Amino acid sequence: MNDRKPSLLALSFLCLLSSALLFPIKASEASEKQTVRFNVSPDGYPPYLIVENQTPSGIMWDVMSLITDRLGYELIAEKVPRKRVDQMLLEGYIDATPRAREWTDEPEKFLFTDPVVAIEEVFFIPKDSELVYRTPEDLFSKTIVTHLGYIYPALEPHLESGKIQRFDVARDREMFLYVLHGDRFDAAVADRLVGNWFLRNQGLRDRFRTSAKSISTFGFRIMLRKDCQDFANEFNRELARIRENGELDAILANYR
């Protein structure tokens, strides 16, 4: 029987082997890049989301792309219909979507980042119309074209009572066409930047005027699942940084 003590080299090898067994190195996990599956919707929301080309663009996409790249995430575009977004987010099929808290039926179910940009909802009225908007009462007995699934807090009591009628459409571009070509529609409600973007690109700016008074101003944010608090914190820190250093203004300037 060999009763010699193990050499120092042998002891070192045994220690390393023991450590490897207790704390295995997961090379695949260490090298795998985390992903963020971001909803851009099938039709986009120009100029915040533009999906006409193979690669998405727009204000919210550009901001998400910049920030996720800085944070070491891979950004993946997903085209999810509006009526399915909330449930798919809750079930984990997607991770994020651009959304205002005010547009969400049950905002307490989700997590929202700091505002990326301000949304200002105004009325787009045909130039030959005599309608002037100052208060919701100016819209009594009128029919306004609205975005499918959107909530308008300033108008909701009057919409529910039927004093103001709403006509929902799924695509932003259709809102203005309905107002122009439908006799029973009096105005479209849309974000000022969205409306001006569409009218400019369609050569229709001289056909509409906007209400001087807006019905709401609120933050357009990134909506996440409740378990994404760490990402939200990282996102908010980087958002504050690009707002301060001028990078956010540079993105916005590309779409104005």
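Structure above, values below:
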{"read-out": "So residue 199, is it assigned to a helix (DSSP H, G or I), within 20 Å of residue 40 (Cβ to Cβ) and in contact with a strand residue (DSSP E or B) (Cβ under 9 Å, 6 or more places away or on another chain)", "value": "no"}
{"read-out": "Residue that is farthest from residue 192 (Cα to Cα) [pool: residues in region 212-224 that are modelled with pLDDT of 95 or more and either of a type in the set (A, V, I, L, M, F, W, C) or not in a strand (DSSP E or B) (or both)]", "value": "224"}
{"read-out": "Residue within region 32-43 that is surrounded by fewer than 11 Cβ atoms within 10 Å (Cβ to Cβ) and at pLDDT below 90 present", "value": "yes"}
{"read-out": "Matching strands (runs of 3 or more DSSP E) fully within region 86-185 where at least 3 residues are farther than 30 Å from residue 247 by Cβ, modelled with pLDDT of 95 or more and of a type in the set (Val, Ile, Thr)", "value": "143-147"}
{"read-out": "Boolean, residue 167 is touching a helix residue (DSSP H, G or I) at 6+ places or on another chain (Cβ under 8 Å), touching a residue at least 12 places away in the same chain (Cβ under 8 Å) and either assigned by TED's automatic domain parsing to the domain that holds residue 101 or crowded, with 18+ Cβ neighbours inside 10 Å (or both)", "value": "no"}
{"read-out": "Which listed residue is within 27 Å of residue 187 (Cβ to Cβ) and either among the basic types (Lys, Arg) or surrounded by fewer than 19 Cβ atoms within 10 Å (Cβ to Cβ) (or both), from 115, 98", "value": "115"}
{"read-out": "Out of 162, 182, sole residue that is of a type in the set (Gly, Ala, Ser) and on the phi > 0 side of the Ramachandran plot", "value": "162"}
{"read-out": "Region 213-242, residues that are surrounded by 15 or more Cβ atoms within 10 Å (Cβ to Cβ) and more than 23 Å from residue 94 (Cβ to Cβ)", "value": "214, 215, 216, 242"}
{"read-out": "Residue that is farthest from residue 68 (Cα to Cα), among those in region 235-247 that are in contact with a Lys or Arg (Cβ under 9 Å, 6 or more places away or on another chain) and of a type outside the set (Lys, Arg)", "value": "247"}
{"read-out": "Check on residue 186, acidic (Asp, Glu) and touching a helix residue (DSSP H, G or I) at 6+ places or on another chain (Cβ under 9 Å)", "value": "yes"}
{"read-out": "Any pair with Cβ under 6 angstrom, 6 or more apart, that starts in region 199-226 at a residue that is in contact (Cβ under 8 Å) with a residue 12 or more places away in the chain and farther than 14 Å from residue 120 by Cα and ends at one that is among the hydroxyl-bearing types (Ser, Thr, Tyr) and crowded, with 17+ Cβ neighbours inside 10 Å", "value": "222/113; 223/97"}
{"read-out": "Residue match in region 202-210 (condition: acidic (Asp, Glu) and either in contact with a Gly (Cβ under 9 Å, 6 or more places away or on another chain) or surrounded by 15 or more Cβ atoms within 10 Å (Cβ to Cβ) (or both))", "value": "no"}
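The values are calculated or read from the model by the stated rules, or taken from the named source; none is laboratory data. These numbers were taken from a predicted model, which means no experiment stands behind them. Cβ sites come from the backbone with ideal geometry, for glycine too, and all protein chains shown count toward neighbours.
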